[in-house]
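Read through the structure below, which is laid out as structure tokens, and then see the notes.
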Amino acid sequence: MSKAWPVTLRHDEVRLRPLRVRDAKRWQQLRASNHDWLAQWEATSPMPAVEPPPTFRQSARQMLTEARAGRTMPFVVEYQGAFVGQINVSDITYGSLRGCHFGYWIDKGAAGKGVMTTAAALVTDHLLENLKLHRIEIAIRPENIPSNRLAVRLGYGFEGIRPAFLHINNAWRDHNVYVMNPGVVPGGVLANLIKSRDTKA
């Protein structure tokens, strides 16, 4: 068994590495250039005057503290050596639940190339095989068709709809919930994804 964190995951031109505080400049550039692309899916505060959004450095330091405690995994997604997005695994719980959930975002220029699908497969396999988790959850807005397709393609099962689940783009939004459990995809999620791509090639 490889270590759970910090860890780097890789397949072909897709690499996941731990987030660093010094990623601030590149993160800010990406977020600024992708503002309109990402705004419709972005978490917002329902009480911005009371809970203003944290800066990148504040958020990164908090996530890294949580990562050292084993409760989260903040990954940078790289494609062809460039920072193109993030996957954040959160609320890692052991005991009788052994579960977590994760969310992600990607640069518009890297979308549609299978980058995030590969990254999510790598993370899913890591969580199942190395952390031995029993339940991985992804919550996706019904309107986000590409992300819904990503979850289904990886083998996540649709569990239901959570009404007004998260405050996104300045309103409470419904979310589709997808779940992965051990053994659902025999041989591993990434291996199955590669096989399906080879079949289509």
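The values are calculated or read from the model by the stated rules, or taken from the named source; none is laboratory data. Small disclaimer: the values here were computed from a predicted structure and weren't measured. Virtual Cβ from ideal backbone geometry, glycine too; neighbours counted across all protein chains shown. Heads up: the accessible areas ignore ligands, DNA and RNA and are worked out on the full protein's heavy atoms, side chains in. Shrake-Rupley method; radii C 1.70, N 1.55, O 1.52, S 1.80 Å.
Condition check ((1) at pLDDT 95 or above; (2) in contact with a His (Cβ under 8 Å, 6 or more places away or on another chain); (3) more than 18 Å from residue 196 (Cβ to Cβ)) across all residues:
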| residue | (1), (2), (3) |
| --- | --- |
| 91 | yes, yes, yes |
| 96 | yes, no, yes |
| 100 | yes, no, yes |
| 115 | yes, no, no |
| 119 | yes, no, no |
| 138 | yes, yes, yes |
| 141 | yes, yes, yes |
| 153 | yes, no, no |
| 168 | no, no, yes |
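Determine which member of the set 157, 188 is touching a helix residue (DSSP H, G or I) at 6+ places or on another chain (Cβ under 7 Å) and in contact (Cβ under 8 Å) with a residue 24 or more places away in the chain.
Among 157, 188, only 188 is touching a helix residue (DSSP H, G or I) at 6+ places or on another chain (Cβ under 7 Å) and in contact (Cβ under 8 Å) with a residue 24 or more places away in the chain.
When the stretch 86-126 is examined, which residues are found to be of a type in the set (S, T, N, Q), open to solvent by 30 Å² or more (accessible area, probe 1.4 Å) and under 14 Å from the mean Cα position of the chain (by Cα)?
Correct list: 88, 90.
Looking at (1) open to solvent by 50 Å² or more (accessible area, probe 1.4 Å); (2) of a type in the set (A, V, I, L, M, F, W, C); (3) part of a strand (DSSP E or B), find the lone condition where residue 32 falls short.
Only one criterion is unmet by residue 32, namely (3).
Within the stretch 44-60, can one find any residue that is farther than 24 Å from residue 133 by Cβ, of a type outside the set (A, V, I, L, M), touching a helix residue (DSSP H, G or I) at 6+ places or on another chain (Cβ under 8 Å) and in contact (Cβ under 8 Å) with a residue 40 or more places away in the chain?
No, the conditions are met nowhere in the stretch 44-60.
Which of the residues that make up the stretch 127-164 are under 19 Å from residue 110 (Cβ atoms) and open to solvent by 50 Å² or more (accessible area, probe 1.4 Å)?
Within the stretch 127-164, 145, 146, 149, 153 meet the criteria.
Answer yes or no as to whether residue 133 is closer than 20 Å to residue 83 by Cα, of a type in the set (A, V, I, L, M) and not in a strand (DSSP E or B).
no
Only one of 7, 77 is crowded, with 16+ Cβ neighbours inside 10 Å, of a type in the set (Val, Ile, Thr), touching a residue at least 12 places away in the same chain (Cβ under 8 Å) and closer than 23 Å to residue 116 by Cβ; which?
77
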